[in-house]
């Protein structure tokens with residue numbers, strides 16, 4: 001490949017890629033790369049950190065914000081809801097996970 005071509009890229013992958021995972025250390029560029037995959041390749045970004053914050057806000061209110069750890073099963077449910085919502089409105093959706101919030105990699109892998 002001597003130049004970038006989304007069509008050629010999709011052909012090389014067999015147009016079968018529907019999920020991707022961006023992992024790395026803090027400030028390694030995961031969110032930037034996920035954004036590029038969204039803008040250039042049309043992936044839906046799933047940020048478990050953002051979803052955790054959203055779930056945490058829903059577990060409390062303005063007067064009594066929730067202060068504890070958010071149970072991972074609630075975050076997983078939010079991920080699944082985002083995936084189902086996207087699938088209902090997008091033809092051949094593709095997803096990229098911008099990191100994960102599970103305590104152990106094996107737990108994340110089991111979830112996926």
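Scan 50, 63, 73 and give me the residue that is more than 17 Å from residue 19 (Cα to Cα) and under 10 Å from the mean Cα position of the chain (by Cα).
Answer to the check: 50.
Being assigned to a helix (DSSP H, G or I), at pLDDT 85 or above and out of contact with any strand residue (DSSP E or B) (no Cβ under 9 Å at 6 or more places or on another chain) is the filter; apply it to segment 1-38 and report the residue that is farthest from residue 83 (Cα to Cα).
My answer is 32.
Name the single residue, out of those in segment 84-104 being under 28 Å from residue 26 (Cα atoms) and touching a residue at least 60 places away in the same chain (Cβ under 8 Å), that is surrounded by the fewest Cβ atoms within 10 Å (Cβ to Cβ).
My answer is 93.
Output the residues belonging to segment 15-31 that are under 20 Å from residue 101 (Cα atoms) and exposed (fewer than 12 other Cβ atoms within 10 Å of the Cβ).
24, 25, 26, 27
Does segment 39-62 hold any residues that are buried (at least 17 other Cβ atoms within 10 Å of the Cβ) and part of a loop (DSSP other than H, G, I, E, B), and which are they?
Matches in segment 39-62: 43, 47.
Could you tell me which numbered condition residue 52 fails, if it satisfies all but one of (1) touching a residue at least 12 places away in the same chain (Cβ under 8 Å); (2) in contact with a strand residue (DSSP E or B) (Cβ under 7 Å, 6 or more places away or on another chain)?
Failed condition: (2).
The values are calculated or read from the model by the stated rules, or taken from the named source; none is laboratory data. All figures in this text were calculated on a predicted structure; none of them were measured in a lab. Don't worry about glycine lacking a Cβ; one is built from the backbone with ideal geometry, like all the others, and counts go over all protein chains shown.
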